[in-house]
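The numbers here are math on the coordinates, done by the rules we state, and not lab data. It should be emphasised that the depicted structure is a prediction, and the values quoted were computed from it without experimental measurement. Here the Cβ is made from the backbone with ideal geometry for all residues, glycine too, and neighbour counts use every protein chain on show.
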Amino acid sequence: MNLICSKERALLRTSLNLMKPNLLSFLLAFGCVPAFSQQSPAQTNPPAASSTTTLDTLVITAETQAKPVVQGPFLPDVLDGKIFAGKKTSVIDFDALPQVQTDNYRQAFSKTPGLLTSELSNNAILSLGSRGIGDPHESQDIMVLKDGIPFVMDMFGYSTVYYAPPLESMDRMEFVRGGSSLLYGPQPAGSLNYISHRPSLDKEFEFSTQNLVGSNDFYSNYTSVDGTIGRLSYLINYNHRSGESFRDRNSDYELNGGTIMLGLDLNTNTRWLLTLDLYKSNAGEPGGLNFLTGGNNLNYNQNREQAQTRFDRLLVERQFASLALEHDFSEATQMVWKVFGGYSNRTSQRQRGASFGTAPSGPNASRSTISEHRYYTLGTDLRFSHAWMAWGNEHHLTAGMTSTYTYAPIENSLGFTPNATSGAVYNDITRRSAYISFFAENQFKFGRLSIVPAIRVENVWQTIDDSIRLNSNNLTPLEERHRADAQHVPLGALGLSYELTDTSNLYFNLAQGYKPPAYADTLPINNNVANTDLNPGHTLTYELGYRGQPSPFLNWDVSGFFIDYQDRFGTTTSGGVTTVENVGHSQNWGIDVAGELDLIAAAAKLSGGDPESATKRFGNLAFHVAYEWLNAEFVDGPLAGKEPQYAPENMLRFGLTYRWRDRFKISLLHTYVGQHFGDDTNSANFNIPAYNVTDLIAEAKVWKENVTVLAGINNLFDQDYYSRIRGAGVDPAYGRNFYVGVRFNY
């Protein structure tokens with residue numbers, strides 16, 4: 001059966017002999033999802049092969065930018081050949097809110113418990129954490145993907161994020177907790193998958209352009225064209241963003257990026273999709289502050305707008321391509337094969353002589369460090385899915401392999417002026433990593449019960465070689481080093497799901513995860529001791545929850561979790577040499593609560609009226625809440641009794657969103673994050689006090705479907721807070737700021 005993903009042609013037959021097994025496997029591949037109106041979050045029982053049933057009408061919508069559909073809050077049991085039964089999942093749907101600006105992940109995660117954003121005063125990079133698992137700086141411990149392909153610099157050797165797709169180009173994000181190791185990789189903090197808009201299949205040409213202006217010379221443009229001509233579908237977009245932050249110097253930023261997407265036969269049984277991403281950015285790094293006075297100290301309370309550095313810059317460049325082949329061997333068996341690769345460059349220029357919250361001083365202040373990382377990556381991801389009948393039920397099997405190879409040279413130079421862009425090379429290091437994993441899982445369905453055993457075998461090889469190694473201060477020769485390491489780690493998981501009703505289920509997940517050492521862990525650049533006995537970190541995550549969506553106007557998801565994390569990485573110092581070792585064993589446990597209720601529909605229901613008629617007449621007024629209570633502590637090792645970094649005990653988000661006939665949306669969103677620390681040793685310098693932030697965002701169509709006005713006030717009450725502390729000092733968060741703009745569609 002061919003899937004035709006357009007709004008006008010999306011009504012499927014309401015009487016089917018079988019629920020076609022290939023239907024679910026198509027949905028994500030085209031950015032299409034079911035509108036979960038009266039369906040269970042976990043799919044209802046399929047009929048036996050010999051039976052005939054009549055199903056509710058199912059609406060499938062192509063998730064183009066021009067035809068948004070608000071999707072369910074969690075993923076169904078099986079989608080795109082991936083099994084989500086028994087896993088904790090969240091769908092972050094941007095169509096449910098007024099458009100969220102690209103750099104405001106605080107708003108993007110307003111309905112998602114547990115995702116913490118470490119906010120920069122200059123939002124040039126993406127910093128996310130989850131449940132107190134590791135440093136959120138550059139999202140190092142979360143697997144971050146675009147359409148199922150990682151966009152970190154290096155899968156394991158340097159798993160940082162310096163690029164993020166513009167949210168305007170995204171339909172949604174899918175966040176899967178601990179069990180993500182069986183979908184995309186072993187990362188213990190879960191996976192966050194960006195799902196792109198797809199080309200329109202029912203028009204030859206669509207055009208959209210959006211321009212925004214705002215505080216501190218903010219300017220943003222997002223322009224896209226898409227359509228289908230014969231067998232060929234296309235989508236091209238361009239994004240520009242520039243401005244300053246509130247810091248008094250060196251806070252400017254500019255980025256330009258775009259995507260070219262070409263599809264062939266997207267509504268047939270064999271589909272090809274070619275995607276090319278281009279990106280370039282240049283951002284100042286204004287540095288950090290402290291709370292001391294006198295000398296070179298930059299006191300936060302005296303002036304939170306002052307900058308520590310004049311010359312520090314971060315430059316990022318990325319060219320990346322992927323080719324996907326999706327083929328349906330039959331209605332029960334599908335294949336998705338992706339080949340991807342590209343080049344990334346991350347270059348930093350940083351003045352020396354500064355410390356925690358102090359201005360550069362002394363002889364070193366006349367020098368700088370230039371660090372250039374280059375990453376050449378080639379990879380493939382091959383997945384098969386098969387629906388099979390037995391014991392009167394339909395079961396699902398998925399299996400495949402993922403493999404990547406990365407060549408990642410790094411060059412560090414000593415600059416002889418504070419703003420040097422080149423200098424004398426003191427480190428020239430060749431780094432390579434190879435990775436291959438094999439995975440399989442099966443959903444066994446027995447009436448309302450699903451049992452999902454899974455296995456994944458991880459294989460990682462890393463090598464590091466010094467070509468040049470000199471003292472970073474006086475350029476005298478040092479002993480060159482070589483490091484080769486291999487990890488072969490089998491992982492297992494078990495998921496359970498039981499449908500208490502047609503619209504709610506209990507779920508349980510037990511999953512292993514692990515974090516192999518990064519390049520800098522195994523062979524620190526400024527350390528003459530190789531870490532030959534460093535083991536990968538290991539996690540075991542338990543999750544038990546209850547979720548449901550009995551109507552379009554009400555949903556909830558409540559779960560408890562426990563994460564046992566052994567062999568966490570940390571630093572120790574002996575004889576004046578600081579090195580990375582396995583020093584930590586933490587236990588993180590807590591409760592996640594998320595829910596949403598349409599107040600207008602609820603009032604109509606309580607008064608004996610029809611909720612659907614009431615919302616059509618008066619609109620939707622939805623109240624949502626997302627809360628996490630977290631207890632995290634190191635239980636063994638030198639950090640015993642300390643809290644892991646970025647692990648607040650309480651994190652609460654709630655808000656009200658009013659929507660009227662797809663013409664007008666306005667949201668009032670509030671975020672509370674409890675006190676926590678920015679380091680594992682819980683030092684006073686790294687204390688992050690609790691903070692509250694409120695945002696107001698809106699959009700309205702003012703002329704047919706063609707002209708939309710957008711506006712927002714971030715940090716509405718101008719709260720003074722910070723949520724990020726690094727070695728340079730305290731990074732103050734943005735105060736009250738605004739934007740306004742217009743979008744034209746044709």
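Among the listed pairs LYS82/LYS701; LYS146/LYS515; LYS67/LYS111, which are separated by more than 32 Å between their Cα atoms?
Values: LYS82/LYS701 37 Å; LYS146/LYS515 21 Å; LYS67/LYS111 22 Å.
The pairs that break the limit, which is 32 Å between Cα atoms, are LYS82/LYS701.
Considering Cα pairs under 8 angstrom that are at least six residues apart, work out the relative contact order of the range 15-745 and quote it in whole percent.
Working: 2189 pairs, mean separation 87.8, N = 731.
Once normalised by length, the contact order is 12 percent.
Which of LEU639, LEU382 comes first, and how do the rest follow, when ranked by fewest Cβ neighbours within 10 Å?
Ordered by Cβ neighbours within 10 Å, fewest first: LEU382, LEU639.
Loop-only chymotrypsin sites (Phe, Trp or Tyr not before Pro) in the range 177-214, please: DSSP not H, G, I, E or B, and at most 16 other Cβ atoms within 10 Å. Can you show the working numbers first?
Values: sites: TYR184, TYR194, PHE205, PHE207; in loops: TYR184, PHE205.
Answer in residue order: PHE205.
Quick check on the chain: what does the Kirkwood estimate of hydrodynamic radius come out to from the alpha carbon pairs, in Å?
Taking the inverse mean of 1/r over all distinct Cα pairs, the chain comes out at 26.8 Å.
Straight-line reach from LYS605: which lysines have Cα under 21 Å away, leaving out those fewer than 8 places along the same chain?
Once the sequence-local lysines are set aside, what remains near LYS605 is LYS616.
Taking neighbour Cβ counts within 10 Å as the exposure measure, how do TYR498, TYR546, TYR435 sort from fewest upward?
Fewest to most other Cβ atoms nearby, the residues stand as TYR546, TYR498, TYR435.
Report the label-to-label distance for LEU378 and ASN650 in nanometres (one decimal), using points 7 Å from each Cα along the Cα→Cβ vector.
5.4
What are the ³J(HN,Hα) couplings of the range 484-499, residue after residue, when phi is run through the Karplus curve with 6.51, -1.76, 1.60 and θ = phi - 60°? Round to Hz, x for glycine and proline.
With the stated coefficients, the range 484-499 comes to 10, 9, 9, 10, 10, 10, x, 10, x, 7, 9, x, 10, 9, 9, 7 Hz.
What are the residues whose amide H is under 5 Å from the amide H of LEU491, where those residues sit 5 or more places off or on another chain and H is modelled from the backbone?
Those lying under 5 Å, H to H, from LEU491 are ARG456, VAL457, GLU458.
Given H placed 1.01 Å from N in the peptide plane, which residues other than close sequence neighbours of ASP154 have an amide H under 5 Å from its amide H?
Residues meeting the criterion, in which the H sits 1.01 Å from N, are SER159, THR160.
Give me a comma-separated list of calculated 3J(HN,Hα) values for the range 166-171, in order, Karplus coefficients 6.51, -1.76, 1.60 applied at θ = phi - 60°, integers in Hz, x for any Gly or Pro.
Using θ = phi - 60°, the values come out as x, 5, 4, 8, 9, 7 Hz.
Just to be sure I understand: if I project the alpha-carbon convex hull of the range 591-746 onto a plane and average over all orientations, what area do I get in nm²?
If you wrap the Cα atoms of the range 591-746 in a convex hull and average its projections, you get 13.2 nm².
Looking at the range 357-431, which chymotrypsin sites (Phe, Trp or Tyr not before Pro) are in a loop (DSSP not H, G, I, E or B) and have at most 15 other Cβ atoms within 10 Å?
Passing both the DSSP loop test and the Cβ count: TRP391, PHE416.
As a check on your grasp of the helix formula, calculate [θ] at 222 nm for the chain: sum -39500 (n - 2.57) over DSSP H runs of n ≥ 4, divide by the residue count, round to the nearest 500.
-1000 deg cm²/dmol
Along the principal axes of its C-alpha atoms, what lengths does the range 161-280 span, in descending order and rounded to whole Å?
Its Cα atoms span 57, 41, 19 Å along the three principal axes.
With θ set to phi - 60°, apply the Karplus curve 6.51 cos²θ - 1.76 cosθ + 1.60 along the range 602-616 and write out the HN-Hα couplings as whole Hz, x wherever there is a Gly or Pro.
Ordered by residue, 3J(HN,Hα) equals 5, 5, 5, 5, 5, 8, x, x, 9, x, 5, 5, 5, 6, 5 Hz.
If you keep only loop residues by DSSP, which GluC sites (Glu not before Pro) in the range 157-253 have at most 16 other Cβ atoms within 10 Å of their Cβ?
Sparse-neighbourhood loop GluC sites (Glu not before Pro): GLU204.
Kindly put ASP277, ASP103, ASP465 in sequence by how many other C-beta atoms sit within 10 Å of each C-beta, fewest to most.
ASP465, ASP277, ASP103
Given H placed on each backbone N at 1.01 Å, which residues far from PHE218 in sequence or on other chains put an amide H within less than 5 Å of it?
GLU244
Assuming 0.36 nm per residue, please report the length gained on full extension of the stretch GLU479 to PHE744 beyond their Cα-Cα distance. Provide the component values of the computation, followed by the final result.
Working: separation 265, 0.36 × 265 = 95.40 nm, distance 6.10 nm.
Extra length from GLU479 to PHE744 when fully extended: 89.3 nm.
Can you give me the Rg/Rh ratio for the range 379-531, using Cα atoms for both radii and the Kirkwood formula for Rh?
Details: Rg = 24.1 Å, Rh = 19.6 Å.
Ratio value, two decimals: 1.23.
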